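The values are calculated or read from the model by the stated rules, or taken from the named source; none is laboratory data. These figures come from a predicted structure and were not determined experimentally. Cβ: placed from backbone, ideal geometry, glycine included. Neighbour counts: every protein chain shown. Heads up: the accessible areas ignore ligands, DNA and RNA and are worked out on the full protein's heavy atoms, side chains in. Shrake-Rupley method; radii C 1.70, N 1.55, O 1.52, S 1.80 Å.
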Amino acid sequence: MNIINTRKKAEKETEPQATPKPITPEEEVMIQKEFEGLLEDYKHTRNGDKSELLKRAFDFAKNAHGSDRRLNGDPYICHPLAVARIVAREIGLGSTSISAALLHDVVNLQHSTFEDVEREFGPYIGRLVRGLTHISGKNFRFLNEESDEDNMSLIATSEEQAENFRNLLLTIADDVRVILVKVADRLHNMRTLEALPAEKQKRVATETMSLYAPIADRLGLYNIKKELEDLGLKYNHPEEYQRLKNLMHEAEENYKLLFTTFAAPVKSLLDDLGLKYTFTYRIKTIYSVWRKMKKKHISFDQIYDLYAARIVFTPSSPENEKTDCWRIYNVLTSIYKIHPDRIRDWISHPKESGYQALQVTIMGPDNNWIEVQIRSERMNEKAEEGDAAHWKYKSGKISDNDLGKWMKDIKDILDNPAPNAMDFLAQINLNVLSKSIYVFTTKGELTQLPKEATALDFAFTIHTDIGIHAEAARIDHELKPLNTTLENGQQVEIITSDKEMVTKEWFNWVTTTKARAKIRGWLRTNMKVDPTSLEEPKKKGMFSNLIGIVTKKKKKKVQPPKEEYVSRSTTIELSGIDAQGLLNTITHVIGEICSCNIVNIHIESKDGLFKGYITFNTGDTKVVNKICTELKKVHGIDKAHIKNK
């Protein structure tokens, strides 16, 4: 992962003008009106009444910024006011975070000191402002397919970027509200980005897409994430953005008519349930359409699921919330054909951000698939505002039951830092910014893992001892090697050995911070392996020491001496976990049961598993069945059955 850093001291995209003109009376009225709007937003956060604190923070910031103006000509105080309103209205945080948003630039622009802020507003707000100022001077730009040759010349060293990210993670771990306010700050900067030159617009947009949109997604701030993505596309690919915007605007009228036709019979049956509800539709975001066109190499005319529907209802009672969701589901599926592979029950198993909904895809009246989201009012509030609206703090610390997994990932990275800068950056990308998958244990327990996680990651997530002793995995009842990449919804069982099974190759099979740290520590302690030697990825499979088994480069067959045997022969297919001496055990089992001659053996081994066949000269069904039964008792053999003719 390469990263662009525009310059060591970040250039703030909202620099005040050098010689600003005084604030006009009309602007004073506008500023006061915005502050009154902020107080109204704050009332709806249900976080008590600390309006006097907000008034003091507003006056402090207004006096500090004075007549400063942004590059678009607005009084500078309009920016922290706008950020504070996003924090209150769109994220739902309380007075401490709103005050920090109002004050977030007073030190950065050298109008005040940290000591001034802490003396006036106390240590909690002072700590947030310090954290915001600390990360405002950092750049976290990823080099991706949108980067041009000019940006290529500005790439920072991986060591510098690793230190930048380490500071960011330390700030988040200290108080996650810092990154929430920073996301709000970035959202307003993106909304007003037109004042910057095109080159700076693209740099800021690229950073937004690489860092802030994924973080908003992980925090459950879905509306903010969608807006950041659309604005990022607008400035990275302005012509494509405008073309898609026009096409989607033209298509919207048609979708209104389609939704009316689609909704009419559903509303009739929903009314019979006696529930209070709203039934609406939404057009997909411009960015999601653009991404789908790029990913599937299709044109706009080939996208048939441009809109989705949503039913938000008031439960008949709190305890009937889930039941009412399924009642609505039954209404939909009694009218329209369901897509069996696209049902998502996020009620029983919420996403990592706390998102809950029942999602179903059905065939609409125009013979195109339509996704319908079914949510209670509580679920909808959570989905719209994200977890941030429901976080409770004690001295700025996040509670254990709210997005704790994400915070734990961050702390794991800080507690187990990779010795190599590039590997540290990869850890952040995989464990902090990437989306997650959800798999089940054999007991039906849900386990969350980063996308691209393997069965071996799962083993270490369950318990370190299970990881250390893992031999193979059974995924959806099929035996698979430990380096198998997991997918959403799979059931995973880890098969273990009495022996510790760790090898150097394992390090390249895992993505999670915990698994990498445990494997690195085991290899350092037990095999005296230098940790830095593990950082270069090696695309090698693990092949066994079985006698007569295939090696990495070529296949070998064990051919016993030619002997006379009857023409009737039987072939048994075998598969299971690779182990040293297994072939000797197989031949011994066959020899104990019958004196038949082995005609041919062919076994292949890869990634810790083997498969193959044995042919011998007997047609006695009872004997063959007994051989299969006894072979399946051998440790490591998963299947043994007669090969179909």
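Beyond 32 Å between alpha-carbons counts as too far, so tell me which of LYS43/LYS322; LYS200/LYS256; LYS62/LYS225; LYS50/LYS451 fall in that bin.
In this structure, LYS200/LYS256; LYS50/LYS451 exceed 32 Å between Cα atoms.
How many percent of the accessible area of segment 178-328 is carbon or sulfur, using a 1.4 Å probe?
C and S atoms contribute 52 percent here.
In terms of solvent-accessible area of protein heavy atoms at a 1.4 angstrom probe, what is the ranking of GLU371, GLU26, highest value first?
Largest accessible area first, the residues go GLU26, GLU371.
When the solvent-accessible surface of protein heavy atoms is calculated with a 1.4 angstrom probe, in what order do ASP607, ASP457 fall, highest first?
ASP607, ASP457
Would you rank GLU118, GLU445 by solvent-accessible area, highest first, keeping every protein chain in place and using a 1.4 Å probe?
From most accessible down to least: GLU445, GLU118.
In terms of modelled amide H atoms, which long-range or inter-chain residues lie less than 5 Å from the amide H of LYS480?
So LYS480 has HN proximity to ALA473, ARG474, ILE475.
Around ASP638, under 13 Å between beta carbons, what's the net of Lys plus Arg minus Asp minus Glu among the other residues?
So the environment of ASP638 carries a net charge of +1.
Accessible area per residue for segment 288-379 in Å², computed with a 1.4 Å probe and the full protein assembly in place, what is it?
Ligands and nucleic acids excluded, the result is 48 Å² per residue.
If ligands, DNA and RNA are left out, what is the accessible area of LYS322 with a 1.4 Å probe, given in Å² to the nearest 10?
Rounded to the nearest 10, the figure is 100 Å².
Given the protein chains as shown and a 1.4 Å probe, how many square angstrom of TRP346 are accessible, to the nearest 10?
TRP346 has an accessible surface of roughly 40 Å² with all protein chains in place.
Tell me, what is the per residue accessible area of segment 78-126 in Å², probe radius 1.4 Å?
Counting only protein heavy atoms, the per-residue value for segment 78-126 is 32 Å².
Place a +1 charge on the Cβ of each Lys and Arg in segment 599-642 and a -1 charge on the Cβ of each Asp and Glu, then give the dipole magnitude about the Cα centre in debye, rounded to the nearest 20.
That gives segment 599-642 a dipole magnitude of about 140 debye.
Can you pull the accessible area of TRP326 for me, 1.4 Å probe, Å² to the nearest 10?
Approximately 80 Å² of TRP326 is accessible to the 1.4 Å probe.
Need the full-extension length gain, ILE462 to GLU118, defined as separation in residues times 0.36 nm minus the C-alpha distance. One decimal, nm.
119.5 nm
Could you tell me which of the pairs LYS267/LYS382; LYS202/LYS382; LYS267/LYS337 are separated by over 22 angstrom between their Cα atoms in the structure shown?
Too far apart for the 22 Å limit: LYS267/LYS382; LYS202/LYS382.
Limiting things to C-alpha atoms, what are the Rg and the maximum Cα-Cα separation (Dmax) for segment 255-299, in angstroms?
15.7, 45
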